[in-house]
Amino acid sequence: EPGDTPILGLALTPRVTLRTDPDGAVRNGTVNGLTNYKKLSADQFREDGDGVELKAGEVAAAEPLVPLLGRKDWRYLQPSPGSGSDNAVLGVREARGLDLEIFFSSTQCFIEAWPEHKKLHQQAAERKEKENGASKDREFGSDTVHIRGPGGESWVEVARTRTYTPSIDDIGHVLKYECVPVSKESPHGMTAASTLETEPVAPTPKPPSRSMMPLALDGIKGSVATGKFTLLTYNVLSDIYANPEMYTNCPKWGLAWSYRRMNLLNEITSYRPDIICLQEVQSDHYENFFKPEMSKYGYDSVYKKKTSEVYAGGTMVIDGCGTFYRRDRFSIIKKYDVEFNKAALSLSEALNATSQKKAALNRLLKDNIALIVVLEALEPPDPAAAAAGKRQLLCVANTHIHANSELKDVKLWQVHTLLKGLEKIAASANIPMLVAGDFNSVPGSAAHSLLAQGRVPLDHPELSVDPLGILRPPSKLCHQLPLMSAYAALAQQGPALQTPAAKKQRNLIDEATCEPKFTNYTVDFQGAIDYMFYTGDSLVTSAVLELPDPSDILRRNISAL
């Protein structure tokens, strides 16, 4: 959109629309569109004079008629009013074949600008040598390289394609997109060019560096020298929920899926986890991006989407949970889909009155799901077990619990339903278990207490809100799985090395709850809602990924984690 900040490496594809009168005449064309404009599909655009064959009365956008994207010389400055005598303003003639003067407001301004300006001269000299004396100021409609803007600024043509990806050379420069509507009757343009200018191109922000921090293992029973694996859980924020109004401190370009997807992929794969639990994976993004891209890094995967879809971008999509595992370390034995809606329907059938059933369904049908997989280690760590043909299995549950903060009874009911399902699996086989995901429940909540303590205190204040009676009696809200929180181990076991960095990490853990002070950080909310639990009788945490510091998130006043 006009005024947006392009980012290095982020492809730009402006949306072009045309407004037509009933007689088919184009009265105006715009870049980025206006109300009552007719959208054109990508195959209706022409590049360099080629493309679809227009019939009488048809209209398309001809981009080659004008320079498509230009890089504005940001060193062009007007002399400041009242700057004193004329000798305080230096003039330098641009050596790019244009009769253009670049003005600097002072000697110091010229000195500061000269390194970049010198590069422009060097680039111009190289172009001149390549052109072998060809004209440097070509006519409009041919291979235009340099254009002089209405304000005297210099524009350099950098592409004649609809999509453009800013390069390192573009950093600090404004980009301009120009477009002219054409038809069979007017192949050279029906109206004047419509233009769009951006803010200067910005470099790609660098994320903070985070490493795995070993934990002390003194007093841990059994051997932990073998059978190690890593688990990562990540809510990737589905594009259908990436609302700029919700993430007000995050620039729009930072929310764009075209920008975020490669950053997510690079960050996730940089840790090389053996098992990955992702939440809010949009269904089309799983099929078209995560599944094929993660496969290139050696991961197989399974996916479960929520139980209802929404309309977005001309198609029906929904998010869900995706579990990925390294195919060189694990193979999948079993997959279980947990649909909380099915459990809600079963619960409602036990109610007598129709009004009770309707009320129960209205409150409990929230489309959330969980995905459970049973994996087999391809190389059993215990030689004796391997010799005996004993398989090493691992059960991984990946879930995304309902988000509405007013429906704490629904959150607790969903967590309890999931844990009861895991208990059934545990009863059939002695399998180490992992429960990870976005639980949308803060430490100390009823749902978190059930996970971390195995029960909910009878006097917990959240139990007072139970309009359906699904939490009664409170004594039933328990489970027998010996679950422990992975990051609670940081507080309980402590770092292996007592370094300043380790001390800083311990300070990022809440002393009362033994959980991170935050896993989600926005303008309106800062707190922990994402967790990894494991069965403490069969697994132990040997290292955790360093937690981010608030200063890492609030850099440049950009806040959203």
Checklist entry - Among the numbered criteria (1) over 32 Å from the mean Cα position of the chain (by Cα); (2) assigned to a loop (DSSP other than H, G, I, E, B), which single criterion is violated by Ala512? => result (1)
Checklist entry - When region 326-360 is examined, which residues are found to be crowded, with 18+ Cβ neighbours inside 10 Å, in a strand (DSSP E or B) and without any contact (Cβ under 8 Å) to a residue 60 or more places away in the chain? => result Arg326
Item to check | Selection status of Tyr259, hydroxyl-bearing (Ser, Thr, Tyr), open to solvent by 20 Å² or more (accessible area, probe 1.4 Å), under 19 Å from the mean Cα position of the chain (by Cα) and at pLDDT 95 or above | outcome: no
Item to check | Where a residue in region 296-310 is modelled with pLDDT of 95 or more and its partner, wherever it lies, is of a type in the set (Lys, Arg), with Cβ under 7 Å and at least six apart | outcome: Gly298/Arg326; Gly298/Arg327; Tyr299/Arg326; Tyr299/Arg327; Asp300/Arg327; Ser301/Lys291; Val302/Lys335
Checklist entry - Quick one: in region 432-454, which of the residues that are without any contact (Cβ under 8 Å) to a residue 60 or more places away in the chain and surrounded by 15 or more Cβ atoms within 10 Å (Cβ to Cβ) is farthest from Val281 (Cα to Cα)? => result Gly454
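One line per residue, one yes/no per condition, for (1) in contact with a Phe, Trp or Tyr (Cβ under 7 Å, 6 or more places away or on another chain); (2) of a type outside the set (Asp, Glu); (3) not in a strand (DSSP E or B):
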residue: Pro207; (1), (2), (3): no, yes, yes
residue: Thr248; (1), (2), (3): no, yes, yes
residue: Met262; (1), (2), (3): no, yes, yes
residue: Asn266; (1), (2), (3): no, yes, yes
residue: Thr269; (1), (2), (3): yes, yes, yes
residue: Leu278; (1), (2), (3): yes, yes, no
residue: Tyr286; (1), (2), (3): yes, yes, yes
residue: Phe289; (1), (2), (3): no, yes, yes
residue: Asp300; (1), (2), (3): yes, no, no
Checklist outcome for this item: Taking region 519-535 and keeping residues part of a loop (DSSP other than H, G, I, E, B) and either touching a helix residue (DSSP H, G or I) at 6+ places or on another chain (Cβ under 8 Å) or over 22 Å from Ile401 (Cβ atoms) (or both) leaves Val523
Next on the checklist: For region 484-494: of the residues being among the hydrophobic types (A, V, I, L, M, F, W, C) and touching a Cys at 6+ places or on another chain (Cβ under 7 Å), which is least open to solvent (accessible area, probe 1.4 Å)?
Outcome noted: Ala488
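Residues Leu255, Leu278: which one is hydrophobic (A, V, I, L, M, F, W, C) and out of contact with any strand residue (DSSP E or B) (no Cβ under 8 Å at 6 or more places or on another chain)?
The conditions single out Leu255.
The rows are residues; the columns are (1) over 28 Å from the mean Cα position of the chain (by Cα); (2) in a helix (DSSP H, G or I); (3) under 20 Å from Lys306 (Cβ atoms); (4) hydrophobic (A, V, I, L, M, F, W, C).
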site	(1), (2), (3), (4)
Lys411	no, yes, yes, no
Gln414	no, yes, yes, no
Thr417	yes, yes, yes, no
Lys424	yes, yes, no, no
Gly437	no, no, yes, no
Asn440	no, no, yes, no
Checklist outcome for this item: When restricted to Leu458, Leu463, Leu451, Leu490, the only residue part of a loop (DSSP other than H, G, I, E, B) and either within 33 Å of the chain's Cα centre (by Cα) or not basic (Lys, Arg) (or both) is Leu458
Next on the checklist: For region 495-513, give me the residue count where each residue is touching a residue at least 60 places away in the same chain (Cβ under 8 Å) and surrounded by 15 or more Cβ atoms within 10 Å (Cβ to Cβ).
Outcome noted: 6
Next on the checklist: Arg363 - would you say it is open to solvent by 30 Å² or more (accessible area, probe 1.4 Å) and touching a strand residue (DSSP E or B) at 6+ places or on another chain (Cβ under 8 Å)?
Outcome noted: no
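Conditions tested, residue by residue: (1) under 30 Å from Leu497 (Cα atoms); (2) in contact with a Leu (Cβ under 9 Å, 6 or more places away or on another chain); (3) assigned to a loop (DSSP other than H, G, I, E, B); (4) modelled with pLDDT of 65 or more.
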| site | (1), (2), (3), (4) |
| --- | --- |
| Glu116 | no, no, no, yes |
| Lys136 | no, yes, yes, no |
| Gly151 | no, no, yes, no |
| Glu178 | no, yes, no, yes |
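The values are calculated or read from the model by the stated rules, or taken from the named source; none is laboratory data. As the structure is a prediction and not an experimental result, all values here were calculated from the model. Neighbour counts run over all protein chains shown; Cβ positions are idealised from the backbone, glycine included. These area figures cover heavy atoms from the full protein model, side chains too; ligands, DNA and RNA do not enter into them. Shrake-Rupley method; radii C 1.70, N 1.55, O 1.52, S 1.80 Å.
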